[in-house]
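For reference, the structure is listed below as structure tokens.
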Ligand SMILES: [Zn+2]
């Protein structure tokens, strides 16, 4: 085999080529120079770090065959993820095809417009050789008919170039398998936006058509956000933890998501969320996109380097249980918008509005009274990531409630130390002790993760306060957080808004054609008490037709306590329900900054870095 000669004894070598764009297939050739004499085992991960769900990526391997010294070799399948090759005294070569038709940040996607892949979907792990350098040759699609249709294709990735030129096809490398699968790759004709943040080159590759994208504004805003975060963790040196950073952005009509990596992130967003040249106003969509970028960028420190102990290293074969996602996702969710206000990208009023929205969302679900954020973290694999119609009644989000826990702790430390300490100090301590040297351990600082006990102790040590009881309540308990008291200490009033108390069925609905289908029924609400169920299709209220668009206006004609007759289809059988309308139990709060007391207002300004 021609490729065999390229692989040295001390590297694992892959070549990946978009083989059939219309069939969405990548072809991969894996060359193992010195295979295990007992029979080389290879496998694909069951999950991708950052997305806590078993996805069994090996199911997308369509065909696989092995060769030894150019001759066909037996390959036995061991389980759904793994194979063992027969003994081979020479170079073992595996050829396999990967089906790539998942338009998400978690897997791989390929067609005539672009290719995208995560290593967890495409690169078999060579057992026993994970610590060797891994080389990847990224090849362009074949131009079989000489049309030059792919002449404009480039490559965007944070993988380091070996022989490739920046943004070109060619060979790239990683120090280990763990690193290899942490650099997703985009190929195609993307727009490239470049900027520096505290001296480190950053870029964003935007795939998908976006007319009049305001690239200048995007670069300027991202720079502010990134520099704010670098300075947060390294106020003295302003040193970023990576040599360069890449945002891979896939633009679609309607989408939102991101996945963090050590020197890059894969994002998916809606076209209309991106800024338009000549339209300088901050739209809600663009604010959300900046929040997403900020969130994934914060993970460069929090979860990619500061990690839960069980992620150091990851076990890619099965679930890795941790009670700490409230810190790694929740605190990241807290800082994503906080960084935007500190960077001057959004104002204080907008920020307090976002906090209120998060709080109101958390207070909506009865699941918060049954599951703690520590439990929600632990069960992420089967509950948070696999939500069904009962989720609002059973599950609490370690993202949203976790961000409120961060808020509560931050405000408590600021008030308790008269502004001398804050959550920023706790994050910096975590960074210094666990994160900074994670990938290049010095003596005494092996790449180790953090435990629940470490975190509890660190909070007390850094704040000088006794926070154990508060952590027990907020993290391991299910009672609502005492946020009003904490807010008062920073001169912020927390008060119910007029939205509360409207007549309601207490349901979430989903539009199905023109029909109004119940997506979930909130425990203790009017619909639940009358016997309506998730999946029921509403037909009429008091004999008047209900559609997907008129439920709210129909209910607005009634008062709390009124009895109405609801007709609904369940499995296409008409059923009748007598419903006593209850007041919308969702609590709606708004947060208002105050000028007094002066010391408290000063603490608030320091928190948000508001000038003046
Ligand atoms: Zn996250």
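Of note:
- Residue ID - farthest from the ligand (Cβ to nearest atom), chosen from residues in segment 233-269 that are assigned to a strand (DSSP E or B) and over 12 Å from residue 204 (Cβ atoms): 252
- Segment 382-422, residues that are more than 15 Å from residue 474 (Cβ to Cβ), part of a helix (DSSP H, G or I) and more than 16 Å from the ligand (Cβ to nearest atom): 386, 391, 392, 393, 394, 414, 415
- Inspection of segment 99-113 identifies no residue that is loosely packed, with under 15 Cβ neighbours inside 10 Å and closer than 30 Å to residue 35 by Cα.
- Looking across segment 320-354, just one residue is out of contact with any helix residue (DSSP H, G or I) (no Cβ under 8 Å at 6 or more places or on another chain) and within 12 Å of the ligand (Cβ to nearest atom), and that is 328.
- Condition met for residue 317 (away from the ligand (no atom under 16 Å from the Cβ) and at pLDDT below 95): no
- Residue 312 vs. criteria closer than 24 Å to residue 431 by Cβ, in contact (Cβ under 8 Å) with a residue 60 or more places away in the chain, out of contact with any helix residue (DSSP H, G or I) (no Cβ under 8 Å at 6 or more places or on another chain) and away from the ligand (no atom under 16 Å from the Cβ): yes
- One residue stands out in segment 183-200 among those that are touching a residue at least 60 places away in the same chain (Cβ under 8 Å) and outside any strand (DSSP E or B): the one that is farthest from the chain's Cα centre (by Cα), namely 189.
- Members of segment 289-309 that are more than 15 Å from residue 449 (Cα to Cα), away from the ligand (no atom under 14 Å from the Cβ) and touching a strand residue (DSSP E or B) at 6+ places or on another chain (Cβ under 7 Å): 289
- Complete set of residues in segment 175-211 that are buried (at least 18 other Cβ atoms within 10 Å of the Cβ) and out of contact with any strand residue (DSSP E or B) (no Cβ under 7 Å at 6 or more places or on another chain): 178, 179, 181, 182, 197
- Residue check for residue 378: within 16 Å of the ligand (Cβ to nearest atom) and either touching a residue at least 12 places away in the same chain (Cβ under 8 Å) or surrounded by fewer than 16 Cβ atoms within 10 Å (Cβ to Cβ) (or both): no
- Among residues of segment 254-269 that are farther than 23 Å from residue 242 by Cα, those with a beta-carbon under 8 Å from a residue that is within 10 Å of the ligand (Cβ to nearest atom) and outside any strand (DSSP E or B) at least six positions away or on a different chain give the pairs 256/292; 269/292.
- Any hit, segment 389-396, residues being under 26 Å from residue 261 (Cα atoms), buried (at least 22 other Cβ atoms within 10 Å of the Cβ) and modelled with pLDDT of 95 or more: yes
- Picking from residues in segment 32-82 that are crowded, with 22+ Cβ neighbours inside 10 Å and more than 27 Å from residue 384 (Cα to Cα), the one that is nearest to the ligand (Cβ to nearest atom) is 42.
- Whichever residue in segment 423-438 is touching a residue at least 60 places away in the same chain (Cβ under 8 Å) and not in a helix (DSSP H, G or I) and, among such residues, is farthest from residue 605 (Cα to Cα): 438
- Here residue 231 clears all of (1) touching a helix residue (DSSP H, G or I) at 6+ places or on another chain (Cβ under 9 Å); (2) under 16 Å from residue 301 (Cβ atoms) except the condition numbered (1).
- Which listed residue is surrounded by fewer than 20 Cβ atoms within 10 Å (Cβ to Cβ) and either in contact (Cβ under 8 Å) with a residue 40 or more places away in the chain or more than 20 Å from the chain's Cα centre (by Cα) (or both), from 349, 401, 357: 349
- Verdict on residue 275 being away from the ligand (no atom under 14 Å from the Cβ) and surrounded by 23 or more Cβ atoms within 10 Å (Cβ to Cβ): yes
- Subset of segment 592-608 [exposed (fewer than 14 other Cβ atoms within 10 Å of the Cβ) and under 20 Å from residue 232 (Cβ atoms)]: 606
- Enumerated strands (runs of 3 or more DSSP E) restricted to segment 483-576, each holding at least 1 residues that are within 30 Å of residue 595 (Cβ to Cβ) and either modelled with pLDDT under 95 or touching a helix residue (DSSP H, G or I) at 6+ places or on another chain (Cβ under 6 Å) (or both): 492-496
- Scan of segment 366-375 for residues that are assigned to a helix (DSSP H, G or I), more than 16 Å from the ligand (Cβ to nearest atom) and under 22 Å from residue 484 (Cα atoms), ordered by number: 366, 367, 368, 369
- Residue in segment 472-480 that is modelled with pLDDT under 95 and out of contact with any strand residue (DSSP E or B) (no Cβ under 7 Å at 6 or more places or on another chain) present: no
The values are calculated or read from the model by the stated rules, or taken from the named source; none is laboratory data. Everything quoted here is computed from the prediction, not taken from an experiment. Note: ideal-geometry Cβ built from the backbone for every residue, glycine included; neighbour counts use all protein chains shown.
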